[in-house]
Amino acid sequence: DAKTTQPPSMDCAEGRAANLPCNHSTISGNEYVYWYRQIHSQGPQYIIHGLKNNETNEMASLIITEDRKSSTLILPHATLRDTAVYYCIVSNSNRDDKIIFGKGTRLHILP
Amino acid sequence: GAVVSQHPSWVICKSGTSVKIECRSLDFQATTMFWYRQFPKQSLMLMATSNEGSKATYEQGVEKDKFLINHASLTLSTLTVTSAHPEDSSFYICSAIRPLGRETQYFGPGTRLLVL
């Protein structure tokens with residue numbers, strides 16, 4: 001079973017920041033938080049990952065709470081092309097550690 | 001970012017035939033690759049873990065004799081759907097692990113299989 005809980009869907013206006021929450025209350029000390037997204041009929045795309053510090057890259061920012069039991073993915077200026085299913089995953093990133101996908105959040109960007 | 005390719009991108013076959021899907025890591029070596037299956041409006045389901053030079057590890061409920069996996073090199077894993085039936089029609093996706101500070105999985109574009 002997936003170790004994360006996400007809202008099934010969210011709407012966001014184009015140009016605004018999209019904030020996608022994720023609960024991972026059973027995360028263990030050596031597990032990272034990963035975010036992927038899947039645009040319709042494509043393979044998942046890696047977005048960002050982090051352990052306990054906040055992270056930022058060219059795509060998004062990841063905010064992890066101090067107790068690491070939840071996190072938020074932030075898309076700073078959402079565009080229509082950001083419409084996708086977003087998956088939050090916890091993994092200890094060992095070479096053989098498999099990713100179990102939950103149902104994710106379907107993000108709709110509204111024009 | 002790292003590139004993982006799949007071939008073919010889509011395939012239509014008759015019931016009872018076998019179909020081979022290739023997964024390649026184009027700019028890195030991957031000792032471990034994964035195969036997923038995705039039915040319409042559902043999430044990805046892990047089928048098996050493919051390890052270079054050794055037997056694949058299958059998830060519970062996945063028939064290893066039906067879904068043959070070969071990982072003969074550090075850049076290529078193949079999935080063969082043997083004696084395909086209409087219920088095997090699905091979107092098959094592979095992923096490969098590339099070190100990125102920590103190990104990160106990169107996914108292929110997927111292969112859509114339709115069995116008639």
Identify unpaired cysteines across chain B, taking unpaired to mean no other cysteine Cβ lies under 4.7 Å from the residue's Cβ.
B:C13
Log entry: pair-distance distribution for segment A:1-106, C-alpha pairs binned every 10 Å from zero, whole % per bin is 15, 52, 29, 4
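Quantify how strongly other chains surround peptide B:40-47 by giving the mean number of their Cβ atoms within 10 Å of each of its Cβ atoms. Write down the numbers at each step before the final one.
Values: counts 0, 1, 2, 9, 11, 2, 4, 0.
That average works out to 4.
If A:T79, A:T26 are ordered by their accessible area, calculated over protein heavy atoms with a 1.4 Å probe, which sequence runs from highest to lowest? Working shown, then result.
Numbers: A:T79 55, A:T26 100 Å².
Solvent-accessible surface, decreasing: A:T26, A:T79.
Considering the convex hull of the alpha carbon atoms of the protein assembly as shown, report its projected area averaged over all viewing directions, in nm², one decimal. Please list the in-between numbers first.
Details: hull surface 48.9 nm².
Average of the hull's projected areas for the protein assembly as shown equals 12.2 nm².
Taking the Cβ-Cβ separation of A:T56 and B:K64 as r and a Förster radius of 45 Å, what is the calculated FRET efficiency to the nearest 0.05? Write down the numbers at each step before the final one.
Values: r = 42 Å, r/R0 = 0.94.
FRET efficiency, A:T56 to B:K64: 0.60.
I'd like the carbon and sulfur percentage of the solvent accessible area for the protein assembly as shown, probe radius 1.4 Å, heavy atoms only, ligands and nucleic acids excluded.
Numbers: 5750 of 11440 Å².
Carbon and sulfur together cover 50 percent of it.
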Please compute the contact order of chain A in relative form: average sequence separation of alpha-carbon pairs under 8 Å and at least six residues apart, divided by the residue count, as a percent.
38 percent
Proximal aspartates and glutamates to B:K20, defined as alpha-carbon separation beneath 20 angstrom and excluding residues fewer than eight positions away on the same chain
B:E52, B:E59, B:E63, B:D65, B:E87, B:D88
Past the 12 angstrom mark, what percentage of all C-alpha to C-alpha distances in segment A:63-111 do you count?
73 percent
Can you check what the net charge comes to around A:R16, using other residues whose Cβ is under 15 Å from the Cβ of A:R16 (Lys, Arg +1; Asp, Glu -1)?
-2
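Would you mind putting A:66-72, B:73-79, B:58-64 in packing order, based on average other-beta-carbon counts within 10 Å, highest first?
Numbers: A:66-72: 14.7, B:73-79: 19.6, B:58-64: 12.0.
The densest-packed peptide leads the list: B:73-79, A:66-72, B:58-64.
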Count the net charge of all other residues whose Cβ sits under 13 Å from the Cβ of A:I39, scoring Lys and Arg as +1 and Asp and Glu as -1.
+2
With a 1.4 Å probe and all protein chains kept in place, how much accessible area does A:K98 have, in Å² rounded to the nearest 10?
80 Å²
Near A:L110, within a Cβ-to-Cβ distance under 15 Å, what is the net charge of the other residues, with Lys and Arg +1 and Asp and Glu -1?
0
Chain A - Cys residues lacking any other Cys C-beta under 4.7 Å
A:C12
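Taking the Cα centre of chain B as origin, work out the dipole magnitude from +1 charges on Lys and Arg Cβ and -1 charges on Asp and Glu Cβ, in debye rounded to 20.
Values: 11 positive and 9 negative charges, 29 e Å.
Charge dipole, chain B, about its Cα centre: 140 debye, nearest 20.
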Across the residues of A:83-89, average count of Cβ atoms on other protein chains within 10 Å?
1
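The values are calculated or read from the model by the stated rules, or taken from the named source; none is laboratory data. Not measured: the values here are computed from a predicted model. Using ideal geometry, Cβ is built from the backbone for each residue, glycine included, and neighbour counts are taken over all protein chains shown. Note: areas computed on protein heavy atoms with side chains; ligands, DNA, RNA excluded. Shrake-Rupley method; radii C 1.70, N 1.55, O 1.52, S 1.80 Å.
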